[in-house]
1. Starting from the Cα of residue 240, step 7 Å toward the Cβ, then list every residue of the range 189-204 with an amide N under 11 Å from that point.
2. For a label point 7 Å from the Cα of residue 167 along Cα→C-beta, name the residues of the range 220-245 whose backbone N is under 18 Å from it.
3. Just subtract the alpha-carbon distance of residue 112 and residue 124 from 0.36 nm times their residue separation and send over the number in nm, one decimal.
4. Would you mind checking the tilt of helix 101-110 against the longest principal axis of the Cα atoms of the chain, expressed as 0 to 90 degrees and rounded to 10?
5. Could you work out how much longer the chain between residue 80 and residue 188 gets when fully extended? Use 0.36 nm per residue separation minus the Cα distance between them, nm to one decimal.
6. Once the whole set of protein chains is in place, how much accessible area is left on residue 272, using a 1.4 Å probe, in Å² to the nearest 10?
7. Give me the percent of the accessible area of the range 1-71 that comes from carbon and sulfur atoms, probe 1.4 Å, all protein chains in place.
8. What is the distance in Å between the Cα centres of the range 50-122 and the range 180-235?
Amino acid sequence: MAENQPEPRAVAVGVLKGGFGKTTTAINLSRELAYRNERALLVDLDDNGHMTLILGEDEAYRGERWGTNHAADVLLDGDDPSQYIVNIAEGLDLFPAHVELEDVQSGLKEATMGTTRLKQELVDEVLGDAYDYVVIDCPANRGKLNDNAMYATGNIIIPLRPENGYETGLSNTVQRLVMEAREYFDLDILAVTPTDLSTRIDQDTRDRALLQEMTTREAVAKHVPNYAYLSADDWDAIDNGNYAGSLPGIRHRAAIDNANDEGVPLRDYDSECDQLAAYDELAQIVEQGEVVR
């Protein structure tokens, strides 16, 4: 770890709704953390294995790479996680998902201290030693896998997309995931970030509705990164046609989709993409442990 580097940190990327950019956010956040520091680890804890498949580790997901359910071997049986970690980019490694993660979830329900296994058997084994940062891509449903991710990290980033149901996705995540977890352990919201924005915000669009919901609710607004934050004065300027700032949020770019298609993070596909600045700020938020205005 570099001199004056903030202390190592793990973070979960999660929202209780699919299709909100969770996996893309986790991939590009972790790549920027690796780029800014030395090494970062991605953990795919989503039973659909979307991240693992995007990054080209089909054989690991299907159980063919090691001939075993590596997730069960580590989380339930205490195997050394390092033997199941693969490199995907410079400084960035992946602990892949497995097609039978649902069986692991069932096993965690029966295991002694089942909510602590991810922290004990994987995160604590590598964080601060092999990796400066660990980023966990969470399932989009409640269960022991999500409980493990929350307990292992103590931090969450919530991505939201301007789609129908974003209000429910946000409220369910806060109420059913964050607030319930806080009854038993500390869990901080590091950031709430909009993703895949593509339309104007000076008209009645979904992008505008999402950004207004995020930046005018006090409890949420303090967690919105600077690249997406709009003040009351900003909204007045937008409505008066006087806004001179850049369009907020993580914007839709073909390069982001193309990077996923190529199985690499955005930085390794197009190092000139303007949206890397947003992922860089998101990485800084993880380093700092909070949004700084």
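1. Residues passing the 11 Å test: none.
2. Those under the cut-off are 220-221.
3. Here the answer is 2.5 nm.
4. Around 70 degrees separate the two axes.
5. 36.0 nm
6. 150 Å²
7. 38 percent
8. The range 50-122 and the range 180-235 have Cα centres separated by 32 Å.
The values are calculated or read from the model by the stated rules, or taken from the named source; none is laboratory data. Note that the structure is a prediction, hence the values are computed from the model and not measured. Ideal geometry is used to build each Cβ from the backbone, glycine not excepted, and the neighbour counts take in all protein chains shown. We work out accessible area using only protein heavy atoms, side chains counted, and drop any ligands, DNA or RNA first. Shrake-Rupley method; radii C 1.70, N 1.55, O 1.52, S 1.80 Å.
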